[in-house]
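Peer 1: First the structure, then my questions, so here it is.
Read the figures in this text as sums done on the coordinates, not as results from a lab. In this text, all values refer to a predicted model and were calculated from it rather than measured experimentally. Cβ placement follows ideal geometry from the backbone for every residue including glycine, while neighbour counts extend to all protein chains displayed.
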Amino acid sequence: MRTATAIALALALAAAAAAPATSTSSKPSTDGLWRMDGYGTVLSLDGDTLQEFQTTSVSCIGGDTARRTGPGAYTTAYGTVLTVRPRPDQDRATLGADSSVGHRALRRIKELPADCTRPTPKDPRTSFEVFWHSFAENYPFFAAKGVDWQDMRDRYRPKVHKGTTRKELFGIFSDMVRPLHDAHVAVQDGDSVFAQARPGTEVPTEALDTKVKKFIGERDLKGAPYRQDFANGRITYADLTRGTGNTDLGYLRISGFGGYTPDDAPYAAHLAELDKALDTILTKDRTQRLNGLIIDLRINGGGSDALGIHIAERLTDKPYVAYAKRARNHPTDPGRHTRPEPIRVVPADGPRYTGPIAVLTGGSTVSAGETFTQALINRPGGTIRIGQPTQGVFSDVMERNLPNGMAAWLPNEEFLNRSGQTYDGTGIPPHLTEPVFTKEEFAKKRDSAFDRAVSVLRNKG
């Protein structure tokens, strides 16, 4: 699942032990070689094994594998289920992951690219070329960030030579991506990771989450008649009362869209934990009685977009489009993309809350926390955003292996609003601006965004 520091990949094809291949007569119809539309990826499906090849115009590096666990279904070591569905002509297919939203288009090819059939040199210069081309052919936001990637090549390529050390190369790569200020961009060499947030914002950490959770519990939720943690502490719910003691508002804090189980469980287990929480929180009585619901995403490290859509389905009685998703799909033209795929919110069965919602956001609302925020923009029933702009990173994260064993992490997708625009870089702005967990707010025990939400919802009620 995706994280704020780009050290996880929503569609990660994690390494898994391959089972023995089946006989030719029993091979599934998805067997063969497939090129993905965008993503610089070729897939080999052979019996029980899915093998990923990460390609650029100058390279092909073997990626990870997944094990076939059903017709067209492949499961990664982390339990993510990838499903390949061929179209009627058998030369086209789609790839989906249970933890992600949308699909990736596949086209059959007759043979692997030539670069995939020979070893890739592991010297510093080759690693530099693969690193630079990975961004040049996939990253969509150079113009928006004001970064000339060709200029970066001209400046840093002469610094790389046969004797360049790993530490020096790690520093060069970090310096090249530093001006992007993109929390979904990272350079990794073992335990060493360079990643950064948008200036003026703070990436969510466990320490920050613990501090904020304690502050909210003592300041905002003190005296709440009902308060409970769910999903391994990632979800908190409380009933809020007026002076009369009658519950009129609900408070739902979500610190991530993943990590709902204490171990590294598959997506299905996280979904089950989420449903347990939602079934307990969104009872028939509560959905009918509440005059408003505060959803607090101010410290949210992201995770699975699919879990966000799942929650949105409990917050509407009418279907609607959350956003459309597309990916850059041309190596030299950043303006060319895959066809936008609408991601729909379909009302869930059972009790649903359909009244006014106040969403609290800030610079530490990251990735899937932002796509969930975006999924509520067009929600019927009224949704108002309060606080500060979100971080400004939405895409799934591509992991690109480099020949020398290092890795680069980068986005290549856009999540489009109804006007066909994205919120990448700037983040989703609030309707009402309030400070969010500043030093002054902590020092004076203030939570201006929370108080504003309570006031707005009660005035509506």
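Peer 1: Too long at a 31 Å Cα-Cα cut-off: which of K145/K460; K284/K445; K214/K460? Before the final figure, lay out each step's value.
Peer 2: On the way: K145/K460 39 Å; K284/K445 35 Å; K214/K460 29 Å.
Those over the limit are K145/K460; K284/K445.
Peer 1: What is the projected area of the convex hull of the Cα atoms of region 124-195, averaged over all directions, in nm²? Numbers along the way, then the final one.
Peer 2: Details: hull surface 18.5 nm².
One quarter of the hull surface, i.e. the mean projection, equals 4.6 nm².
Peer 1: Let me ask you something else. Assign unit charges at the C-beta atoms only (+1 for Lys and Arg, -1 for Asp and Glu), then state the dipole size of region 283-343 relative to its Cα centre in Debye, rounded to the nearest 20. Can you show the working numbers first?
Peer 2: Values: 11 positive and 7 negative charges, 14 e Å.
I would put it at about 60 debye.
Peer 1: Under the rule of -39500 (n - 2.57) per DSSP H run of 4 or more residues, summed and divided by the residues of the chain, what mean residue ellipticity at 222 nm is obtained, to the nearest 500 deg cm²/dmol? List each step's numbers first, then the result.
Peer 2: Numbers: 11 runs with 108 residues, N = 461.
Result for the chain, helices only: -7000 deg cm²/dmol.
Peer 1: How would you order 367-375, 90-98, 287-295 from highest to lowest mean count of nearby Cβ atoms within 10 Å?
Peer 2: Details: 367-375: 29.1, 90-98: 17.8, 287-295: 19.6.
In decreasing order of mean packing, 367-375, 90-98, 287-295 become 367-375, 287-295, 90-98.
Peer 1: Among S255, Q188, P356, which residue has its Cα furthest toward the positive end of the charge dipole of the chain, with +1 on Lys/Arg Cβ and -1 on Asp/Glu Cβ?
Peer 2: Farthest along the dipole direction, towards plus: P356.
Peer 1: Same structure again: Just check region 206-460 against the gyration tensor rule for me: Cα atoms, a ≥ b ≥ c as the square roots of the eigenvalues, rounded for a/c under 1.5, and otherwise prolate or oblate depending on whether a/b exceeds b/c.
Peer 2: Numbers: a/c = 1.64, a/b = 1.51, b/c = 1.09.
Prolate.
Peer 1: Enumerate the calculated ³J(HN,Hα) couplings along region 423-433 in order (Karplus 6.51 cos²θ - 1.76 cosθ + 1.60, θ = phi - 60°), each rounded to whole Hz, writing x wherever the residue is Gly or Pro.
Peer 2: 9, 4, x, 7, x, 7, x, x, 6, 10, 8
Peer 1: What's the local net charge at H431, with K and R +1, D and E -1, over the other residues with C-beta under 14 Å away? Present the calculation step by step, with values, prior to reporting the outcome.
Peer 2: Values: positive: R379, R385, R452, K460; negative: E434.
So the environment of H431 carries a net charge of +3.
Peer 1: Hey, got the dipole for the chain? About the Cα centre, +1 on K and R Cβ, -1 on D and E Cβ, debye to the nearest 20?
Peer 2: On the way: 59 positive and 54 negative charges, 160 e Å.
In total the dipole reaches around 760 debye.
Peer 1: Here is a further query. Compute the separation of the alpha-carbon centres of region 391-461 and region 180-198 and state it in Å as a whole number.
Peer 2: What the calculation gives is 18 Å, centre to centre.
Peer 1: Another one. Sort 72-79, 150-157 by the packing proxy (mean of other Cβ within 10 Å over each peptide's residues), most packed first.
Peer 2: 72-79, 150-157
Peer 1: Quick one: R166, R298, fewest Cβ neighbours within 10 Å first, how do they rank? Let's see the in-between values first.
Peer 2: Details: R166 15, R298 26.
Result, fewest neighbours first: R166, R298.
Peer 1: Now for a different question. If you rank F194, F450, F442 by fewest surrounding Cβ atoms within 10 Å, what's the result? Could the numbers behind the result be given before it?
Peer 2: Numbers: F194 19, F450 24, F442 14.
In increasing order of surrounding Cβ atoms, one gets F442, F194, F450.
Peer 1: Give me the lysines in straight-line cross-link reach of K318: C-alpha distance below 17 Å, same-chain residues under 8 apart excluded.
Peer 2: In chain and number order, there are no partners.
Peer 1: I would also like to ask the following. Towards the positive end of the charge dipole of the chain, with charges on Cβ (+1 Lys, Arg; -1 Asp, Glu), say which of G62, G382, T117 has the farthest Cα.
Peer 2: Positive-most Cα among the choices belongs to G382.
Peer 1: Using the C-alpha gyration tensor of the chain, what are the square roots of 5 times its eigenvalues, in whole angstrom, with the largest one first?
Peer 2: Working: eigenvalues 321, 140, 69 Å².
Over the Cα atoms of the chain, the ellipsoid semi-axes are 40, 26, 19 Å.
Peer 1: Right, another one. Can you pull the three principal axis extents for the Cα set of region 24-117, in Å, largest first?
Peer 2: The Cα atoms of region 24-117 stretch 34, 30, 22 Å along their principal axes.
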